[in-house]
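Throughout, read-outs are computed from the coordinates displayed, never taken from laboratory work. Because the structure is predicted, anything quoted here is derived from the model rather than measured. Here Cβ is always computed from backbone atoms with ideal geometry, including for glycine, and neighbour counts include all displayed protein chains.
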Amino acid sequence: MKIQNNRNHLKDTVAVIVGTRPEAIKLAPIIQQLQASKKLQPLIISTSQHGDMVGQIFSNFGITADIDLEVMRPRQKLWDLSAILSTELGRLFSARQINTVLVQGDTTTAFIGGLCAFYNKIPLGHVEAGLRSHNRYSPFPEELNRTMLSRLASWHFAPTEYSAELLRKENIPENSIYVSGNTVVDALNWMVDRLKPQNLPGGMMDGSRKLILVTCHRRENLGLPSRGEYPLSHAP
C-alpha cells in the first residue's frame, strides 16, 4: 500500500474509491469539485484494479491518488480480489477518520468499498445508481454488484429519471435519490476544452466532419452485440 498524507483535519473527509478506468473517468469531475470545496476534502483511494490505466486517467485530469492499495495479483480470481479488497479497505476505514464513502458504478471495487463502508457504519454515496438489466448474469458480476449497492447506499445519484424510477420501484426512499446526470459527460466536456488539435490525427479537428465518441469496453458488448445481434438470453 502506498500512502500520501496531505489531509486538512478541519474539513470532512470523503473517501473516493476508484478501481477501474471507467470509474476514474466518471469520478474525476467529482474529485475536482471536492478538491475545490471549502467544507469537504477527498481522500482518493485507488485499488489498482485497472492499474496503470487509472494512473493515466488521473494524470490527464491532474489528480493524484492519496492511497494505492495495489490489490491485483497474477491470475487472480474474483473471490480472491473480493477478499483482498475487503481486508485492505476494512483496515483502512477502521483506522482513519472518514465521514463519507463515495463509489461509482458496479465494479467489484465499488461493491466491496460499499460493503466495507457499511461494516464501519460510514454513510455511502453511490454515483450512477439505478442501472439495471434485470438479468443477474448479464453483465456479470456487475448487475448484482449495483443491485446490492442500492441496499447499502445512503445517497443514490441516478444518471437519468428512468434510473431513479427503477430505484423507486425497489422501495429506495425518495428523499435519498438524486437525478444528477452522467458524470462521463462532465469529464468529456472538461477534456474537450483542453484538447489541442496537434494531439489528434490529422484532419480530425479542422471542422470538416463531425466526431462521434464511442466506448465499448464491456466484454459482453464484444462479438454479436457490437453488430446489433443479441442472443435471446442476453437481449436488452
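Name the residues whose placed amide hydrogens come within less than 5 Å of the amide hydrogen of Leu43, ignoring near sequence neighbours (fewer than 5 apart) on the same chain.
Result for Leu43 returns Val14, Ala15, Val16.
How large is the charge dipole for the stretch 2-183, taken about the Cα centre, if only the Cβ atoms of Lys, Arg (+1) and Asp, Glu (-1) carry charge, to the nearest 20 debye?
Working: 19 positive and 16 negative charges, 71 e Å.
So the dipole magnitude of the stretch 2-183 works out to roughly 340 debye.
Could you tell me the calculated FRET efficiency between Gln56 and Met148, based on Cβ-Cβ distance and R0 = 30 angstrom, to the nearest 0.05? Display every interim value, and only then the final one.
Working: r = 30 Å, r/R0 = 0.98.
The computed FRET efficiency comes out at 0.50.
Applying a 10 Å radius around every beta-carbon, put 60-68, 127-135, 181-189 in order of their mean neighbour count, most first. Mind dumping the intermediate values first?
On the way: 60-68: 17.9, 127-135: 19.8, 181-189: 15.6.
Put in order of decreasing packing, that is 127-135, 60-68, 181-189.
In this model, which of Lys26/Lys210; Lys77/Lys169; Lys38/Lys169 are farther than 27 Å apart at the alpha-carbon? Walk me through the numbers before you get to the answer.
Details: Lys26/Lys210 24 Å; Lys77/Lys169 34 Å; Lys38/Lys169 36 Å.
Where the Cα-Cα span goes over 27 Å, the pairs concerned are Lys77/Lys169; Lys38/Lys169.
In which sequence would Leu167, Leu213 go, from the one with the fewest C-beta neighbours within 10 Å to the one with the most? Don't skip to the end; give the middle numbers.
Numbers: Leu167 22, Leu213 7.
If I rank by nearby Cβ atoms, fewest first, I get Leu213, Leu167.
Among Phe140, Phe93, Phe111, what is the fewest-to-most ranking by other Cβ atoms within 10 Å? Before the final figure, lay out each step's value.
Values: Phe140 14, Phe93 21, Phe111 24.
Least crowded to most crowded, the residues run Phe140, Phe93, Phe111.
Could you list Ile44, Ile112, Ile122 so that the one with the fewest beta carbons within 10 Å of its beta carbon is first and the one with the most is last? Walk me through the numbers before you get to the answer.
Numbers: Ile44 23, Ile112 26, Ile122 17.
Ascending number of Cβ neighbours within 10 Å: Ile122, Ile44, Ile112.
Under the classification rounded if a/c is under 1.5, otherwise prolate if a/b is larger than b/c and oblate if not, where does the stretch 78-129 fall, given a ≥ b ≥ c as square roots of the Cα gyration tensor eigenvalues? Mind showing how you got there, number by number?
Values: a/c = 2.47, a/b = 1.05, b/c = 2.35.
Oblate is the answer for the stretch 78-129, as a/c is 1.5 or above yet b/c matches or exceeds a/b.
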